[in-house]
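Q: Take this structure, written in structure tokens, and hold onto it; I'll ask about it next.
A short reminder: the numbers here are calculations on the coordinates, not readings from a lab. Model, not experiment: these values are computed from the prediction. Cβ placement follows ideal geometry from the backbone for every residue including glycine, while neighbour counts extend to all protein chains displayed.
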Amino acid sequence: MRIPFLSLFMTSPFDGLQEHAEKVKECTWAFQQAMECHATDKCKSFEEYRLEVVKLENEADAIKRRIRGHIPKGAMMSVDKFQLFMYLKEQDSVLDSVESALDWLGHRTEPGMPDEVKKNFFLLVDAVIEPIEELSKMVTEAKKYFKNFSDKQRRVVKDIIVNLRKKENEADKVEDMLIRKIFALDTDSGSC
């Protein structure tokens, strides 16, 4: 099997994944600010935060395209290229969801929300953001693993993934609780 000589000097795609994960983290900060702003009827900066999320999502898309475009065909990598791209797609879908949620909220003419759901709403925002902050750490530890393939480092990465899944499950439960509360509100009183 021939291996292109230049592929031996290719930069690690994990550097790009790390940069993308940091952009996701930055975007979620703006998302959290926008959500807190929208939940109160006193904040007038929602649109600024929403536009910041759009800007950061576009920057992350540029990083994603750079990662995809700079891995030469036949390059030797410590991880399957398809699996790398699948991970990148999942990480990028976080940004798409954040942007979509803010776009939907932006259609509400009046900010604010019923007091009955505010607490659960903030719990959901926190539950969603918490695992996102772990993405960067996971990429860093995975990069270390793919340098030395140590069993100890593999366990570190695996533990982070297990923790992420657990946090995602907890966020799903908070989301379900919030949805139930919203649909239980008396719609005749104009609460929703």
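Q: Ignoring the sites themselves, what is the longest stretch of the chain with no trypsin sites (Lys or Arg not before Pro) in a DSSP loop and at most 15 other beta-carbon atoms within 10 Å?
A: Numbers: sites that count: Arg2, Lys42, Lys44, Lys73, Arg108.
Within the chain, the longest run free of exposed trypsin sites (Lys or Arg not before Pro) spans 109-192.
Q: What are the ³J(HN,Hα) couplings of segment 79-87, residue after residue, when phi is run through the Karplus curve with 6.51, -1.76, 1.60 and θ = phi - 60°? Round to Hz, x for glycine and proline.
A: Computed from phi, the couplings for segment 79-87 are 9, 4, 4, 4, 5, 4, 5, 5, 4 Hz.
Q: Over segment 75-192, what is the relative contact order in percent, taking alpha-carbon pairs closer than 8 angstrom and at least six residues apart? Spell out each step's value before the answer.
A: On the way: 48 pairs, mean separation 39.1, N = 118.
Relative contact order of segment 75-192: 33 percent.
Q: Step through the residues of segment 157-166 one at a time and calculate ³J(HN,Hα) from phi using the Karplus curve (6.51 cos²θ - 1.76 cosθ + 1.60, θ = phi - 60°), rounding each to whole Hz and writing x for Gly and Pro.
A: 5, 4, 5, 5, 5, 4, 5, 4, 4, 4
Q: Based only on the alpha carbon positions, what is the Kirkwood hydrodynamic radius of segment 86-192, in angstrom? Numbers along the way, then the final one.
A: Details: mean 1/r = 0.0614 Å⁻¹.
After inverting the pairwise mean of 1/r, the radius is 16.3 Å.
Q: Give Lys55/Lys89; Lys144/Lys167; Lys118/Lys181; Lys25/Lys73; Lys55/Lys173; Lys137/Lys173 a once-over and call out the pairs whose C-alpha atoms are over 20 Å from each other. If you can, show how the numbers build up before the last one.
A: Working: Lys55/Lys89 18 Å; Lys144/Lys167 23 Å; Lys118/Lys181 10 Å; Lys25/Lys73 30 Å; Lys55/Lys173 30 Å; Lys137/Lys173 24 Å.
Long pairs (Cα-Cα over 20 Å): Lys144/Lys167; Lys25/Lys73; Lys55/Lys173; Lys137/Lys173.
Q: A further question follows. In Å and from the alpha-carbon atoms only, list the Rg and Dmax of segment 20-129.
A: 17.0, 57
Q: Quick one: 3J(HN,Hα) in Hz for segment 103-112, Karplus 6.51/-1.76/1.60 with θ = phi - 60°, rounded, Gly and Pro as x.
A: So the J values, rounded to whole Hz, are 4, 4, 5, x, 7, 6, 6, 10, x, x.
Q: To the nearest 20 debye, what charge dipole does the chain have about its Cα centre, counting +1 at the Cβ of each Lys and Arg and -1 at the Cβ of each Asp and Glu? Walk me through the numbers before you get to the answer.
A: On the way: 31 positive and 35 negative charges, 281 e Å.
With Lys and Arg at +1 and Asp and Glu at -1, about 1360 debye.
Q: Same structure, new question: May I ask for the equivalent-ellipsoid semi-axes of the chain, computed as the square root of five times each C-alpha gyration tensor eigenvalue and listed largest first in whole Å? Don't skip to the answer; put the middle values down first.
A: Values: eigenvalues 302, 72, 28 Å².
Computed over the chain, the values are 39, 19, 12 Å.
Q: Would you work out which of His107, Leu135, Gly69 lies farthest towards the positive end of the dipole of the chain, given +1 charges on the beta-carbon of Lys and Arg and -1 on that of Asp and Glu, about the Cα centre?
A: My answer, from the dipole projection, is Gly69.
Q: Where does the chain land at 222 nm, in deg cm²/dmol rounded to the nearest 500, when only DSSP H runs of n ≥ 4 count, each adding -39500 (n - 2.57), divided by all residues?
A: Working: 5 runs with 145 residues, N = 192.
Only helices count here, giving -27000 deg cm²/dmol.
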